[in-house]
Amino acid sequence: MNVLKKYKTPLFFIGVLSVLWFFESSFSYKYEADSIISSDKKAEILLSKMTLEEKIGQMNQYNGFWDFTGPSPKSGDAEKKHQDLKNGLVGSMLNVRGVKDVMAVQKIAVEETRLGIPLIIGFDVIHGYKTISPIPIAEAASWDLEAIQKSAEMAALESSAAGINWTFAPMVDISRDARWGRVMEGAGEDPFLGSKIATARVKGFQGENLSLNFTIAACAKHFAAYGFSEGGRDYNTVDVGTSTLYNMVFPPFIAAKDAGVKTFMNSFNELNGIPATGNEYLQRDVLKEEWNYDGFVVSDWGSISEMIAHGYTKDGSHAAEIALIAGSDMDMESYLYLAHLKNLVDEDKVEIALIDDAVKRILKVKFELGLFDDPYKYCDLKREEEITGSKEINDAALDIAKKSIVLLKNEGNLLPLKKEGQHIAIIGALASDKTSPLGNWRLAADDDTAISVLEGMSKYKGNLISYSKGPDLTIGKTEFITQLKINTGDKSGFKEAITIAKEADIVLMVLGEHGFQSGEGRSRTDIGLPGVQQELLEEIFKVNKNIVLILNNGRPLAISWADENIPSIVEAWQLGTQSGNAIAEVLYGDYNPSGKLPMTFPRNVGQVPIYYNYKNTGRPNSPGPESVFWSHYNDEKNTPLYPFGYGLSYTTFNYGTIKITNSFDLDQKITVSVAITNIGKRKGKEVVQLYIRDKYASITRPVKELKGFELLELLPGEKKIVDFELTEKELGFYDNDGEWILEKGDFEIFIGGNSQTNNKTTLELK
Ligand code: BGC
């Protein structure tokens, strides 16, 4: 029924609706479902019926606090939270998952509270739900936007079937610091690639229509500059200027906003002296005013109360006041909005209009999700059973896992492996590990559910395979919540590993980080191979040089020794549920590796932060062999071990010279093109990358900036022409006031297979 056809004006309809509500004690879902008034208007109408306490309740988010299908809590914190839920003082819950549990809490909100406003149910669906896809930085290495979008779509499908309707993803923080554990959650160091991936992920989660029961609201986080924490230490101070904010940090957030992301999360760090959670410049001036953002902002976990420790607020009440004024709409686990906002209004310290604005934003998203039409739309047990772990989801996880692998070195073409007649020794505790490949942020996945490398390899029957675990990588518990302990002393596994290596034709060494060595709170100062693995690698190398090193890791590692000595190196990250299958397909050549690094690999941790889009400095080059006074290290090169955008294939691509098809002035766009030819013997994919360099500008520009890329597949001998368009958007930049400018002058245009390409041409912008 289209309500507006029955009544002449929406205003009349709204009036009728209000009267109806006046007489009803609870909110009428059915009526709303049939109407065509906007979510915004619906939120406004509902808001007008709410008490101040109920409004503040919508701004309060609790973590799951008891076994929801068991008896109700009788005392303590859980009891209080339960009462709050019944009293309509909770707008959202996180970490409640599974149809039964979500149904139980939703029922309380809908059936026991005065207005029956449904909860929005949040969860960290970061790279899959039960079925896990590669960690986000690995997916970013695919540069395959379709596959990335599909992965997010599958995550939405599986999690929505488990009652969830809001994910705290995508994490779009740009970071240049491999020490920071959270680089595993993002798309790497580049704002252009990061923006494309942010868009793909938002579209994947939210789909075309958010009100369907298989799409969920997304959340662009962490706003902002969390990836620039000093020294790569998590939660640490951030001090960056406007130009870096606008040119490096903001672009993926803008892309997420443009893709329609429904929520933002602020961040734990302070930015230039003001915690992001209490930062009015970020949340109001930039996000809500300049960008005109109409979704809501959730705080990060406890970040409102953390402003006290930051030394920014006096106490909890002050923190609540500052956070609200700054534009944080929902309080995740600080409990301060609930405790203080009413008093703050009574004391005239905060305006009720700010609360109204926050609540309206939250309600609007709930309307858009369709929760008022059917609050139990994600709570279908049969659907949960059918969808969880389905073939469709696993197929997509395998597809993106293969595409995420990066071939770093392949001397003498040790890879791909022959399918028969070889004796292959597999060595390393990670080779048989079925939990670590799930990576971090896989809270709903069960341990031991990933296909291990050993299992994946064993599916190919033609070779003789022997396995030795070697030394343990970890000691004791490996949990999300506790500090991981690495084995740094026990080498008892060495002997057996050396014995099997001696007898083999090829040794596959699966080494690297455990899945819980990266992620939140997992910063490291040593980014080499952890524990005794480096020593093991060197010992094995003494008895057999035919080594394929398969890296598992959640961040760039410094592996200079391996690069110098080991013939083949495969970057296999943490690839999720289908990990071992994907790795085996790549090793055997059933999938020709096509990934490219989304983050620079240093030679040595002392080079960090190291990134491709650095500034040139006034002394970029050595004036002579003995010279000291130029920008360099005395004990290490400036260049990385593997640059951004780098990755090999089992075939080879040849790039032709770059052609500029028309000249450029301010009104025209320019087309640059290049021919790529597959000059090898296998079909393969190549990520063709375009970089620009603005040679001189009123604010110095990086030596290279990615401004375009295309993923191509070419048959042996096949040649394709790739065209890129350059407009103001690619050639301009943000100045120190955050204004977009385009300046005349000289540019270099590079097109090649990684950020160190020297295939270039020049362009003068007149
Ligand atoms: C993290 C967020 C996450 C939240 C909820 C915080 O500790 O920083 O990224 O979404 O917890 O789990």
- [ ] Multiply the residue gap between GLN534 and LYS729 by 0.36 nm, knock off their C-alpha separation, and tell me the result in nm, one decimal place.
- [x] 65.6 nm
TODO: Round to the nearest 0.05 the FRET efficiency obtained for LYS545 and THR237 when R0 = 60 Å and r is the Cβ-Cβ distance.
DONE: 0.85
Task: Subset of LYS491/LYS545; LYS409/LYS491; LYS402/LYS459 violating a 24 Å alpha-carbon distance limit - done: LYS409/LYS491
Task: Cα-based reach from LYS130 at 15 Å (exclusive), listing aspartates and glutamates while leaving out same-chain residues under 8 positions away - done: GLU153, GLU158, GLU384, GLU385, GLU386, GLU392, ASP395, ASP446, ASP447, ASP448
Task: aspartates and glutamates whose Cα lies under 16 Å from that of LYS659, excluding same-chain neighbours fewer than 8 positions away - done: ASP723, GLU725, GLU748, GLU764
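What 222 nm value per residue comes from the helices of the chain, counting each DSSP H run with n ≥ 4 as -39,500 (n - 2.57) and dividing by all residues, nearest 500 deg cm²/dmol? List each step's numbers first, then the result.
Working: 23 runs with 218 residues, N = 766.
Helices in the chain give a 222 nm mean residue ellipticity of -8000 deg cm²/dmol.
In this model, which of LYS434/LYS485; LYS100/LYS382; LYS485/LYS637 are farther than 23 Å apart at the alpha-carbon? Please report the intermediate quantities before stating the final value.
Values: LYS434/LYS485 18 Å; LYS100/LYS382 11 Å; LYS485/LYS637 32 Å.
Beyond 23 Å: LYS485/LYS637.
What ranking, highest mean first, results for peptides 521-531, 363-373 when packing means the other Cβ atoms within 10 Å averaged over each residue? Spell out each step's value before the answer.
On the way: 521-531: 18.5, 363-373: 23.3.
Highest-to-lowest ranking by the protection proxy: 363-373, 521-531.
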Task: Spacing of the two label points (7 Å from each Cα toward its C-beta) at GLU420 and ASP77, in nm - done: 6.2
- [ ] Return a whole-number percent for the relative contact order of the stretch 406-607, with Cα pairs under 8 Å and 6 or more residues apart as the contact set.
- [x] 32
- [ ] List the trypsin sites (Lys or Arg not before Pro) within the stretch 397-484 that fall in a DSSP loop (any state other than H, G, I, E or B) and whose Cβ has at most 10 other Cβ atoms within 10 Å.
- [x] LYS461
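So if R0 is 56 Å, what FRET efficiency would LYS382 and SER698 give, r being the distance between their Cβ atoms, rounded to the nearest 0.05?
With R0 = 56 Å, the Cβ-Cβ based efficiency is 0.35.
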Open item on the list: With Kirkwood's inverse mean 1/r over C-alpha pairs for Rh, give me the Rg to Rh ratio of the chain, two decimals please.
Closed with: 0.99
Task: FRET E, pair SER466, LYS683, Förster distance 41 Å, beta-carbon r, rounded to 0.05 - done: 0.80
- [ ] Order the peptides 248-260, 169-181 from the highest to the lowest mean number of other Cβ atoms within 10 Å of their residues.
- [x] 169-181, 248-260
- [ ] Pop a pseudo-label 7 angstrom from the Cα along the beta-carbon direction at both ASN343 and ASP505 and give the gap in nm to one decimal.
- [x] 7.6
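Loop only per DSSP, at most 11 neighbouring Cβ atoms within 10 Å: give me the GluC sites (Glu not before Pro) in the stretch 690-766, ordered by residue number. Please list the in-between numbers first.
Working: sites: GLU705, GLU710, GLU713, GLU718, GLU725, GLU728, GLU730, GLU739, GLU743, GLU748, GLU764; in loops: GLU718, GLU739, GLU743.
Those that pass, being in a loop and sparsely packed, are GLU739.
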- [ ] Compute the separation of the alpha-carbon centres of the stretch 467-489 and the stretch 178-253 and state it in Å as a whole number.
- [x] 30
Task: Dipole of the chain, positive end: most advanced residue of ALA220, SER755, ASN581 [Cβ charges, Cα centre] - done: ASN581
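I need HIS127, HIS310, HIS423 ordered by Cβ neighbour count within 10 Å, fewest first. Before the final figure, lay out the partial values.
Numbers: HIS127 32, HIS310 20, HIS423 14.
Arranged by neighbour count, lowest to highest, HIS127, HIS310, HIS423 become HIS423, HIS310, HIS127.
Let me know the volume per residue of the alpha-carbon convex hull for the stretch 653-765, in Å³.
Working: hull volume 10.2 nm³, N = 113.
Expressed per residue, the convex hull around the Cα atoms of the stretch 653-765 is 90 Å³.
Counting other beta carbons within 10 Å of each Cβ, put ILE670, ILE117 in order, fewest first.
Values: ILE670 20, ILE117 26.
Ordered by Cβ neighbours within 10 Å, fewest first: ILE670, ILE117.
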Task: Dipole in debye (nearest 20) - the stretch 164-281, about Cα centre, beta carbon charges: Lys, Arg +1; Asp, Glu -1 - done: 340
- [ ] Please name whichever of GLY554, ILE475, ALA450 sits farthest to the positive end of the charge dipole of the stretch 449-568, dipole taken about the Cα centre and charges placed at Cβ: Lys and Arg +1, Asp and Glu -1.
- [x] ALA450
- [ ] Starting from the Cα gyration tensor of the stretch 406-607, take the square roots of the eigenvalues, sort them a ≥ b ≥ c, and report rounded, prolate or oblate (rounded when a/c is under 1.5, otherwise prolate if a/b is larger than b/c, else oblate).
- [x] rounded
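Given +1 on the Cβ of Lys and Arg, -1 on the Cβ of Asp and Glu, and no further charges, what dipole in debye does the chain carry about its Cα centre, rounded to the nearest 20? Let's see the in-between values first.
Numbers: 83 positive and 105 negative charges, 321 e Å.
Approximately 1540 debye in magnitude.
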Task: Selection from LEU245, ALA497, HIS632, by position along the positive dipole direction of the chain (Cβ) - done: ALA497
Task: Contact order normalised by residue count of the stretch 147-198, Cα under 8 Å, 6+ apart, percent - done: 29
- [ ] For the stretch 653-765, give the magnitude of the charge dipole about the Cα centre (Cβ charges: +1 Lys/Arg, -1 Asp/Glu; no others), in debye to the nearest 20.
- [x] 880
- [ ] Within 10 Å of each residue's Cβ, count the other Cβ atoms and sort ASP234, ASP505, ASP737 from fewest upward.
- [x] ASP737, ASP505, ASP234
- [ ] Mind giving me the nanometre distance, one decimal, between the label points for LYS477 and THR244, set 7 Å out from Cα along Cα→Cβ?
- [x] 3.6
- [ ] Measure of size requested: the Rg and Dmax of the stretch 79-207, with Cα atoms as the atom set and Å as the unit; please supply both.
- [x] 17.1, 50
TODO: Give the long-range amide H neighbours of HIS222: residues separated by 5 or more places, or on another chain, with amide H under 5 Å away, using H modelled in the peptide plane at 1.01 Å from N.
DONE: VAL172, ASP173
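Using alpha-carbon pairs under 8 Å, 6+ residues apart, how would you state the relative contact order of the chain in percent? If you can, show how the numbers build up before the last one.
On the way: 1834 pairs, mean separation 98.5, N = 766.
Once normalised by length, the contact order is 13 percent.
Every number in this text was worked out from the coordinates using simple rules, so none of it is lab data. This one's a predicted model, so the numbers in the text were calculated from it and none came from an experiment. All Cβ positions, even for glycine, are placed from backbone atoms using ideal geometry, and neighbour counts span all protein chains on display.
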